[in-house]
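S.K.: Provided herewith is a single structure, encoded as structure tokens, for subsequent inquiry.
The values are calculated or read from the model by the stated rules, or taken from the named source; none is laboratory data. Worth saying up front: this structure is predicted, and the values here are computed from it rather than measured. A quick note on method: Cβ atoms are made from the backbone with ideal geometry, for glycine too, and the neighbour counts reach across all protein chains shown. Ligands, DNA and RNA are excluded from the accessible area calculation, which covers all protein heavy atoms including side chains. Shrake-Rupley method; radii C 1.70, N 1.55, O 1.52, S 1.80 Å.
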Amino acid sequence: MNKKQLQRLYSIATSISILVAALCLMGACLYILFSGHGFSRDTVAVAFHAVSLPVYICPVLVVLGFLPGLSAPPKSLRRGIARQDWLILRRLQRKADLSHWDDARRSAVLKERRTRSILRGISLVIPVIGCAAFGGYLFSGDRFLREDLPGAAVGCVMLLAPFLMLYLTWILFSGPIYAESCRREIDLLKSSVPPGANQPRRTGDKTMPALRLFLLVIAVSFIAFGFFTGGFRDVLTKAVNICTECIGLG
Amino acid sequence: MQLYFALLFNANLNGFSRGTIYHGSGKQFCVPGLNCYSCPGAVAACPLGSLQGAFSADRSTIFYVSGIILMYGVLLGRMICGWLCPFGLIQDLLYRIPTPKLKKGPLTRALSMLKYILLAVFVFLIPIAYAMKDIPLPAFCKYICPAGTLEGGLTLLANEVNAGWFSMLGPIFTWKFLLTVSILTGCVFVFRVFCRFLCPLGALYGLFNRVSCLGIRLDESKCTACGRCEGVCRVDIRQVGDRECISCGECVNVCPTKAISWKGGTIFQKANELAVGKTKNAAQATIQQRRFRLVTRSVAAVLMLAVLAMSLLHFNGDADALPSQGCEIGDLSISCPLEILTARGTDGRTIDPGRTGQLTIVNFWGTWCTPCVQELPYFDQIAREYRGTIAVVAIHTPLAGETAPAYIGKYYPESDILFALDRSADEAGLAGSCYTALGGRGTYPYTVILDENGVILHTVVSALDYEGLKDLVATCLSES
């Protein structure tokens, strides 16, 4: 076995041990919850002892793996440069200046952009309607609060499920059309834009420092107002007292 | 740097050994990153938890917390995620474990929108909806945040001083434990699972990435669109410096045209990248620049180490920490005269919970505490059912006591509960309060049952439902 094969074997073994350890821990927690005995220091100790072997193997493997020769992952698993049409299109669009093009080519590019705008618009409508429906359900005062949060969560899922299905169906349908439109525009832009030409005008050089200063002044004003009217006391109250359910102890 | 800031924000190392949290005034300020304030080591507040709590608090609190988050966002943007966040450090360390890794792609980019949904729903909508009904509910902290479970819940449970807390664990803890283990396991195989897909604080800071004073900047006039920066980046950016960028800086080194740089001046640049300026001799300028950078970095390192050392000394020598144990079951409770609280405030009358001459249920609560306000109706019902037999005393926390009269007037105007305010903490600190004297260790709600002689019969560190409370009262009545 050569070094690459050893590294691959090691990484697979480590992955499996981590997954098994995680599943064992989760299984132990679920067992305690559904066993009816309730949580106590003793029951947790017994449950953890039952799954201790895979949980201990995991860090031992990790530590051993940092010995020379095993710590570097195999090269074939390292990330490579991803080719993504949408990103290439954005870069080409930044460099292109359509005002110098002939009418036919320019209208072809604009047509592709219009197509994608329509697809994006439709893609936005469905989630907006879904969010509006969800917001209406959430703020329908008594119903939401009377049902307690788990019940409300189930209600929200039932409400959102049709919108989600519709949205996924639309994405499956429109995705290939969108991708094809991107590729057509890339072909049009590549044929017309020489490398390095038509540099985009840099905007925001003067407005950005002013915007930063404005936002900083707002931030400092808010802090000062909150501080001198006692707002910090509520932060202190929450922070120095342990609300047990807020950290999941419930 | 991440390790440094993790240590700085969690400098109260004594808290881990004592099994309690820091109670000092440092917690009125927020740290930039996600650091649960229930972590025993935390010396300041979490901005996300404070934001959720602010919706049910006074209006000025919202301004205060929003101002802090806005300031951090404008100054640092998501550089906080890459350099300052303790939970980000945990994720980075887990990712270093050599296993097969999941590459970024369309799926991860789609998942990166999930954190905005969590921000809108769990940080804003749900807390605001509950706040309208005077119920403080930090929904993200309670149902999702793995930092709270890992840094707060598990570290406190691990201390044997808090062995009694295991009895309060139930479905919420199980859900959060499963979620935390899943996220930490995912961090081994996917870079920064929580930061990229789930963190609402990162989502907030990401909105300021373009305008932030520090971070990554792309000079489009030098960019040749080679794609190397996006290839080497491990998060789901569309362009260097956008809202997903955590300013880790890996793209700076690979850009062939040096189009990517750090905002904030030349301090991050290498000597041979800096402008020569007016000096004719380029080599001499390079040496000068290198010397300047060495001195600057040395001074900065010394200052940072000094700050860390001072923080560790200050926070670990804090005398306001809770004593390891107050009264226990079977002990005679210490006399604690408390001011009676009504809808019109205090009127000078006092009550001593251990000297009522009846079986007394003492409940420590706060208007800022969700389970406290949710269980108070049960105490009200019990007080009515057992009128004349038992006394129910509800003592509001020393802090935020000014909110209690209005709450009592609105929801319990004719209640049989005796509301009280513990002012002893104002003079003696939390360590000298009635809460601590009766065995409280910082958790709310906390219920103590005293017999007619003031001896402690039972203590409960979790919220109670009506049946549980009624069983407890019946047991105590039969015992006494």
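S.K.: Name every residue in segment B:102-122 that is of a type in the set (Lys, Arg) and at pLDDT below 90, in order of residue number.
M.R.: B:LYS103, B:LYS104, B:ARG109
S.K.: Tell me which of these A:ARG233 doesn't satisfy, since it passes every other one: (1) more than 8 Å from chain B (Cβ to nearest Cβ); (2) open to solvent by 70 Å² or more (accessible area, probe 1.4 Å); (3) at pLDDT 75 or above.
M.R.: Failing condition for A:ARG233: (1).
S.K.: If I ask for residues that are open to solvent by 10 Å² or more (accessible area, probe 1.4 Å), within 11 Å of chain A (Cβ to nearest Cβ) and in a helix (DSSP H, G or I), which ones from segment B:184-223 would you list?
M.R.: The answer is B:LEU184, B:THR185, B:GLY186, B:PHE189.
S.K.: Quick one: in segment A:82-92, which of the residues that are open to solvent by less than 50 Å² (accessible area, probe 1.4 Å) and at pLDDT 70 or above is nearest to the other protein chains (Cβ to nearest Cβ)?
M.R.: A:ARG91
S.K.: Please go through segment B:35-58 and pick out each residue that is open to solvent by 10 Å² or more (accessible area, probe 1.4 Å), at the interface with chain A (Cβ under 8 Å from one of its Cβ atoms) and either outside any loop (DSSP other than H, G, I, E, B) or over 24 Å from B:GLY19 (Cβ atoms) (or both).
M.R.: B:GLY53, B:ALA57, B:ASP58
S.K.: So which residues in segment B:132-190 are under 17 Å from B:SER462 (Cβ atoms) and small (Gly, Ala, Ser), if there are any at all?
M.R.: B:GLY148, B:GLY152, B:GLY153, B:ALA163, B:GLY164, B:SER167, B:GLY170
S.K.: Please count how many residues of segment B:224-253 are among the hydrophobic types (A, V, I, L, M, F, W, C), open to solvent by less than 30 Å² (accessible area, probe 1.4 Å) and under 31 Å from the mean Cα position of the chain (by Cα).
M.R.: 6
S.K.: Here is a check on your reading of the model: is B:PRO106 out of contact with any Cys (no Cβ under 6 Å at 6 or more places or on another chain), under 30 Å from A:ARG8 (Cα atoms) and at the interface with chain A (Cβ under 7 Å from one of its Cβ atoms)?
M.R.: no
Conditions tested, residue by residue: (1) in a helix (DSSP H, G or I); (2) at pLDDT 85 or above; (3) surrounded by 15 or more Cβ atoms within 10 Å (Cβ to Cβ).
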| position | (1), (2), (3) |
| --- | --- |
| A:MET165 | yes, no, no |
| A:LEU168 | yes, no, no |
| A:PHE173 | yes, no, no |
| A:PRO176 | yes, no, no |
| A:GLU185 | yes, yes, yes |
| A:PRO194 | no, no, no |
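S.K.: Out of the residues in segment B:83-139 that are in contact (Cβ under 8 Å) with a residue 60 or more places away in the chain and of a type in the set (Lys, Arg), state the one that is nearest to B:PHE197 (Cα to Cα).
M.R.: Checked segment B:83-139; the qualifying residue nearest to B:PHE197 (Cα to Cα) is B:LYS115.
S.K.: Just the residues that are assigned to a strand (DSSP E or B) and surrounded by 21 or more Cβ atoms within 10 Å (Cβ to Cβ), please, taken from segment B:336-356.
M.R.: Of everything in segment B:336-356, those that are assigned to a strand (DSSP E or B) and surrounded by 21 or more Cβ atoms within 10 Å (Cβ to Cβ) turn out to be B:LEU338, B:LEU341.
S.K.: Name the single residue that is farthest from B:ASN14 (Cα to Cα) among those in segment B:308-335 being modelled with pLDDT of 75 or more and open to solvent by 70 Å² or more (accessible area, probe 1.4 Å).
M.R.: B:MET310
S.K.: Among the residues of segment B:432-464, which ones are farther than 23 Å from B:SER478 by Cβ and of a type outside the set (Val, Ile, Thr)?
M.R.: Answer for segment B:432-464, where residues must be farther than 23 Å from B:SER478 by Cβ and of a type outside the set (Val, Ile, Thr): B:GLY432, B:SER433, B:CYS434, B:TYR435, B:ALA437, B:GLY440, B:ARG441, B:GLY442, B:TYR444, B:PRO445, B:TYR446, B:ALA463.
S.K.: The conditions are (1) buried (at least 24 other Cβ atoms within 10 Å of the Cβ); (2) at pLDDT 90 or above, and B:ILE62 fails exactly one of them. Which is it?
M.R.: Going through (1) buried (at least 24 other Cβ atoms within 10 Å of the Cβ); (2) at pLDDT 90 or above one by one, B:ILE62 breaks only (1).
S.K.: Which of the residues spanning segment A:1-17 are facing chain B (nearest Cβ under 8 Å) and open to solvent by 40 Å² or more (accessible area, probe 1.4 Å)?
M.R.: A:ILE12
S.K.: Further, regarding this structure: For segment A:1-19, how many residues meet the condition of being free of Cβ contacts under 8 Å to residues at least 12 places away in the same chain and under 29 Å from the mean Cα position of the chain (by Cα)?
M.R.: Number satisfying all stated conditions: 4.
S.K.: On the basis of being out of contact with any Cys (no Cβ under 9 Å at 6 or more places or on another chain), within 13 Å of chain A (Cβ to nearest Cβ) and of a type outside the set (D, E, K, R), does B:ALA391 make the cut?
M.R.: no
S.K.: In segment A:38-63, what count of residues is obtained for those that are away from chain B (no Cβ under 11 Å) and exposed (fewer than 15 other Cβ atoms within 10 Å of the Cβ)?
M.R.: Total satisfying the criteria: 7.
S.K.: Take A:VAL20 and decide whether it is under 17 Å from B:LEU178 (Cβ atoms) and surrounded by fewer than 17 Cβ atoms within 10 Å (Cβ to Cβ).
M.R.: For A:VAL20, the condition - under 17 Å from B:LEU178 (Cβ atoms) and surrounded by fewer than 17 Cβ atoms within 10 Å (Cβ to Cβ) - is met.
S.K.: For A:PRO68, all conditions in the list (1) within 11 Å of chain B (Cβ to nearest Cβ); (2) modelled with pLDDT under 85 hold save one; what is the number of the exception?
M.R.: (1)
S.K.: Now a separate question. Tell me, yes or no, whether segment B:357-371 has at least one residue that is open to solvent by less than 50 Å² (accessible area, probe 1.4 Å), touching a His at 6+ places or on another chain (Cβ under 9 Å) and modelled with pLDDT under 80.
M.R.: No, every residue in segment B:357-371 fails to be open to solvent by less than 50 Å² (accessible area, probe 1.4 Å), touching a His at 6+ places or on another chain (Cβ under 9 Å) and modelled with pLDDT under 80.
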